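K.L.:
My structure is below; once you've seen it, I'll send some questions.
The values are calculated or read from the model by the stated rules, or taken from the named source; none is laboratory data. Given the structure is predicted, the values throughout are model-derived calculations rather than measurements. We place every Cβ from the backbone using ideal geometry, glycine too, and count neighbours over all the protein chains shown.
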Ligand code: GLN
């Protein structure tokens with residue numbers, strides 16, 4: 001990518017690491033455990049609903065903040081984890097995936113010069129969207145291998161300009177889930193400093209350490225939290241790009257102020273299908289139980305393969321990612337390791353330093369995705385076990 005015409009706000013971010021690694025994976029005919037997308041299809045009940053929605057004529061723009069049926073279905077689905085039913089029309093906004101939700105939230109909420117606390121590492125679109133909003137990211141580094149959040153570190157990062165803290169649980173790329181003490185720490189600081197909490201919960205249904213609990217469920221937090229999620233991971237249909245926010249009406253107004261000018265609305269037939277699919281999940285636990293069961297199995301499979309190939313791994317509590325220590329295979333840094341791995345071993349992973357502020361990145365981990373078929377995971381394991389990088 002030639003950066004000469006790219007705005008200075010975005011120049012530091014370069015090309016997304018997912019684009020780079022997927023391109024290298026194709027170039028080297030590698031097994032792609034980099035970009036986190038399933039290499040298996042989503043469920044028939046969702047695909048059939050999409051076909052039916054197209055046939056039924058859902059071909060024009062939807063209401064900007066969501067097709068009424070979709071807002072209602074999201075409200076019912078969200079009630080399971082939140083414990084209350086958000087008002088479908090005043091508190092739910094349908095977006096083009098959670099990535100648009102993140103952009104809409106930050107662009108709709110922040111004044112130029114406002115500060116947002118980001119946890120380091122964090123998903124790569126957060127700092128880019130903070131920059132697009134003309135705001136400033138204050139990054140609080142979480143130390144490996146525990147990656148725990150500490151209230152004092154959060155307090156230390158706050159200034160008079162701090163407006164929000166952006167959290168993510170289950171967490172990409174570490175696989176950590178916030179525990180009760182960490183949720184309390186975030187809530188304490190948010191209440192003390194009058195901060196808004198932005199909570200990315202897209203891996204909410206993919207957990208191994210007990211069910212996900214939203215930060216919005218803590219006392220006093222519902223009023224100041226914007227929950228962001230999507231169906232991409234839950235339905236293994238990342239290309240549908242149906243996401244949402246749940247927030248009290250005043251915060252929802254800020255999200256919608258930018259969403260209407262970003263995408264106006266998410267794809268109408270897929271919104272209609274999302275409504276049908278989410279309602280199916282609400283009445284039948286079979287699919288979600290199976291999803292959790294399958295991911296627990298794939299997690300064990302990839303942990304076994306990576307361990308066999310000589311990597312120490314951080315076993316995730318949620319999400320579909322495993323961090324593996326590349327120093328165990330003789331590398332000093334993750335970017336060199338991932339470039340060598342894709343070219344020589346034919347396995348693509350994501351260097352986890354891409355999720356850090358480059359000035360103080362932890363360069364020890366490669367992130368492997370296990371939202372893949374057994375054959376894919378096993379093929380990657382065999383290639384890695386047979387790989388002898390030149391030392
Ligand atoms: N969320 C996916 C991941 O972390 C990738 C999304 C993307 O390609 N932008 O791997």
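K.L.:
Quick check: is even one residue across the range 217-228 closer than 21 Å to residue 370 by Cβ, under 21 Å from the mean Cα position of the chain (by Cα), within 16 Å of the ligand (Cβ to nearest atom) and crowded, with 23+ Cβ neighbours inside 10 Å?
P.N.:
no
K.L.:
What is the one condition in (1) surrounded by fewer than 24 Cβ atoms within 10 Å (Cβ to Cβ); (2) in contact with a strand residue (DSSP E or B) (Cβ under 9 Å, 6 or more places away or on another chain); (3) closer than 18 Å to residue 226 by Cα that residue 169 does not satisfy?
P.N.:
Single failed check for residue 169: (1).
K.L.:
Do we find a residue being free of Cβ contacts under 8 Å to residues at least 24 places away in the same chain and more than 29 Å from residue 253 (Cβ to Cβ) anywhere in the range 155-173?
P.N.:
yes
K.L.:
If a residue has to be surrounded by 14 or more Cβ atoms within 10 Å (Cβ to Cβ) and in contact with a helix residue (DSSP H, G or I) (Cβ under 6 Å, 6 or more places away or on another chain) to count, how many in the range 298-309 make the cut?
P.N.:
Qualifying residue count for the region: 4.
K.L.:
Is it the case that some residue within the range 41-51 is within 16 Å of the ligand (Cβ to nearest atom), under 30 Å from residue 340 (Cα atoms) and either under 22 Å from the mean Cα position of the chain (by Cα) or modelled with pLDDT of 95 or more (or both)?
P.N.:
Checked the range 41-51: no residue is within 16 Å of the ligand (Cβ to nearest atom), under 30 Å from residue 340 (Cα atoms) and either under 22 Å from the mean Cα position of the chain (by Cα) or modelled with pLDDT of 95 or more (or both).
K.L.:
Within the range 112-139, take every residue that is assigned to a loop (DSSP other than H, G, I, E, B) and touching a strand residue (DSSP E or B) at 6+ places or on another chain (Cβ under 8 Å) and give me the one that is farthest from the ligand (Cβ to nearest atom).
P.N.:
Result: 113.
K.L.:
While we're here: Across the range 10-23, what is the total count of residues that are under 22 Å from the mean Cα position of the chain (by Cα) and farther than 22 Å from residue 319 by Cβ?
P.N.:
Summing the residues that are under 22 Å from the mean Cα position of the chain (by Cα) and farther than 22 Å from residue 319 by Cβ in the range 10-23 gives 6.
K.L.:
Right, next: Just for the range 233-249: of the residues that are buried (at least 24 other Cβ atoms within 10 Å of the Cβ) and under 15 Å from residue 86 (Cα atoms), which one is farthest from the ligand (Cβ to nearest atom)?
P.N.:
My answer is 247.
K.L.:
Here is a further query. I'd like to know if the range 22-36 contains one or more residues that are surrounded by 14 or more Cβ atoms within 10 Å (Cβ to Cβ), closer than 24 Å to residue 262 by Cα and more than 16 Å from the ligand (Cβ to nearest atom).
P.N.:
No, the range 22-36 contains no residue that is surrounded by 14 or more Cβ atoms within 10 Å (Cβ to Cβ), closer than 24 Å to residue 262 by Cα and more than 16 Å from the ligand (Cβ to nearest atom).
K.L.:
If you don't mind, there's one more thing I want to ask. Can you find even one residue in the range 298-305 that is without any contact (Cβ under 8 Å) to a residue 40 or more places away in the chain and part of a helix (DSSP H, G or I)?
P.N.:
Yes, the range 298-305 has at least one match.
K.L.:
Could I ask something else about it? I need a count of the residues in the range 339-362 that are outside any helix (DSSP H, G or I) and within 23 Å of residue 31 (Cβ to Cβ).
P.N.:
6
Yes/no matrix, rows are residues, columns are (1) in contact with a strand residue (DSSP E or B) (Cβ under 6 Å, 6 or more places away or on another chain); (2) in contact (Cβ under 8 Å) with a residue 40 or more places away in the chain:
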{"residue": "153", "(1), (2)": "yes, no"}
{"residue": "177", "(1), (2)": "yes, yes"}
{"residue": "181", "(1), (2)": "no, no"}
{"residue": "197", "(1), (2)": "yes, no"}
{"residue": "209", "(1), (2)": "no, yes"}
{"residue": "223", "(1), (2)": "no, no"}
{"residue": "233", "(1), (2)": "no, yes"}
{"residue": "241", "(1), (2)": "no, yes"}
{"residue": "246", "(1), (2)": "yes, yes"}
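K.L.:
Restricting to the range 52-68, name every residue that is surrounded by fewer than 21 Cβ atoms within 10 Å (Cβ to Cβ) and within 25 Å of the chain's Cα centre (by Cα).
P.N.:
Result: 64, single match.
K.L.:
What are the residues in the range 368-381 that are assigned to a helix (DSSP H, G or I) and buried (at least 17 other Cβ atoms within 10 Å of the Cβ), if any?
P.N.:
Scanning the range 368-381 gives 376, 377, 379, 380, 381.
K.L.:
Can you find a residue that is over 18 Å from the mean Cα position of the chain (by Cα), within 16 Å of the ligand (Cβ to nearest atom), modelled with pLDDT of 95 or more and closer than 17 Å to residue 176 by Cβ anywhere in the range 337-350?
P.N.:
Within the range 337-350 (the criterion being over 18 Å from the mean Cα position of the chain (by Cα), within 16 Å of the ligand (Cβ to nearest atom), modelled with pLDDT of 95 or more and closer than 17 Å to residue 176 by Cβ), the answer is no, since none of the residues qualifies.
K.L.:
In the set 9, 5, 80, which member is modelled with pLDDT under 95, touching a helix residue (DSSP H, G or I) at 6+ places or on another chain (Cβ under 6 Å) and away from the ligand (no atom under 16 Å from the Cβ)?
P.N.:
Going through 9, 5, 80 in turn, just one is modelled with pLDDT under 95, touching a helix residue (DSSP H, G or I) at 6+ places or on another chain (Cβ under 6 Å) and away from the ligand (no atom under 16 Å from the Cβ): 9.
K.L.:
Also: Please determine, by comparing only the residues of the range 83-103 that are more than 16 Å from the ligand (Cβ to nearest atom) and touching a strand residue (DSSP E or B) at 6+ places or on another chain (Cβ under 9 Å), which one is nearest to residue 269 (Cα to Cα).
P.N.:
Result: 94.
K.L.:
Got a number for residues in the range 286-297 being surrounded by 14 or more Cβ atoms within 10 Å (Cβ to Cβ), in contact with a helix residue (DSSP H, G or I) (Cβ under 9 Å, 6 or more places away or on another chain) and without any contact (Cβ under 8 Å) to a residue 24 or more places away in the chain?
P.N.:
Result for the range 286-297: 0.
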